[in-house]
Amino acid sequence: YALTGRLDWYWQAAMFGQIFNDGADRIPAYGVGNAQFTLASPDNWQVQAFVRNFLNSNNMTGSYLAAPTQGLFTGAFYGDPRTFGLMLTVNY
């Protein structure tokens, strides 16, 4: 049996959602962490446990300003919330 662990961290610095660099268009910095553990057997099966975005960061990844005919609202895109699971793989 072999147990393998993996930890990833992604950091995005603060940025602006538009080219004008206005304070209202500022997107704050954020970090996202992922972790997984895999147990592999010599019998050609493996089990993997994973957690994505383990800190449950509410991370805005982008924004846009709608047209004046739509009311000039600001739309925002967000990353995925915390996700976890278990995966079983069998090779035959």
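The values are calculated or read from the model by the stated rules, or taken from the named source; none is laboratory data. Just so it is clear, the structure is predicted and the values come from calculations on it, not from any experiment. Cβ placement follows ideal geometry from the backbone for every residue including glycine, while neighbour counts extend to all protein chains displayed. We work out accessible area using only protein heavy atoms, side chains counted, and drop any ligands, DNA or RNA first. Shrake-Rupley method; radii C 1.70, N 1.55, O 1.52, S 1.80 Å.
Annotations for the structure displayed:
- Every listed requirement among (1) open to solvent by less than 100 Å² (accessible area, probe 1.4 Å); (2) within 20 Å of Arg6 (Cβ to Cβ) is met by Ala67 save one, (2).
- Sole exception among (1) in contact with a Phe, Trp or Tyr (Cβ under 6 Å, 6 or more places away or on another chain); (2) open to solvent by 50 Å² or more (accessible area, probe 1.4 Å); (3) hydroxyl-bearing (Ser, Thr, Tyr); (4) under 29 Å from Leu88 (Cα atoms) for Tyr10, by number: (1)
- Residue in region 47-62 that is among the hydroxyl-bearing types (Ser, Thr, Tyr) and under 30 Å from Tyr1 (Cα atoms) present: no
- The listed residues are Ile19, Ile27, and the only one of them that is over 13 Å from the mean Cα position of the chain (by Cα) and either open to solvent by 50 Å² or more (accessible area, probe 1.4 Å) or more than 24 Å from Asp80 (Cβ to Cβ) (or both) turns out to be Ile19.
- Residues that are farther than 21 Å from Leu72 by Cα and of a type in the set (Gly, Ala, Ser) within region 1-39 comprise Ala2, Gly5, Ala13, Ala14, Ala29, Gly31, Gly33, Ala35, listed in sequence order.
This table checks each residue for (1) open to solvent by 80 Å² or more (accessible area, probe 1.4 Å); (2) modelled with pLDDT of 95 or more; (3) assigned to a loop (DSSP other than H, G, I, E, B); (4) of a type outside the set (Phe, Trp, Tyr).
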residue	(1), (2), (3), (4)
Thr38	no, yes, no, yes
Pro42	yes, no, yes, yes
Ala49	no, yes, no, yes
Asn58	yes, no, yes, yes
Ala76	no, no, no, yes
Phe84	yes, yes, no, no
Leu88	yes, yes, no, yes
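- For region 11-36, a residue qualifies if it is out of contact with any helix residue (DSSP H, G or I) (no Cβ under 6 Å at 6 or more places or on another chain), small (Gly, Ala, Ser) and either on the phi > 0 side of the Ramachandran plot or not in a strand (DSSP E or B) (or both), and the qualifying residues are Ala13, Ala14, Gly23, Ala24, Ala29.
- Filtered residues of region 1-10 (kept if farther than 22 Å from Asn59 by Cβ, assigned to a strand (DSSP E or B) and either in contact with a Cys (Cβ under 8 Å, 6 or more places away or on another chain) or of a type outside the set (Val, Ile, Thr) (or both)): Ala2, Leu3, Gly5
- Between Asp22, Asp43, the distinction of being without any contact (Cβ under 8 Å) to a residue 12 or more places away in the chain and closer than 30 Å to Leu3 by Cβ belongs to Asp43 only.
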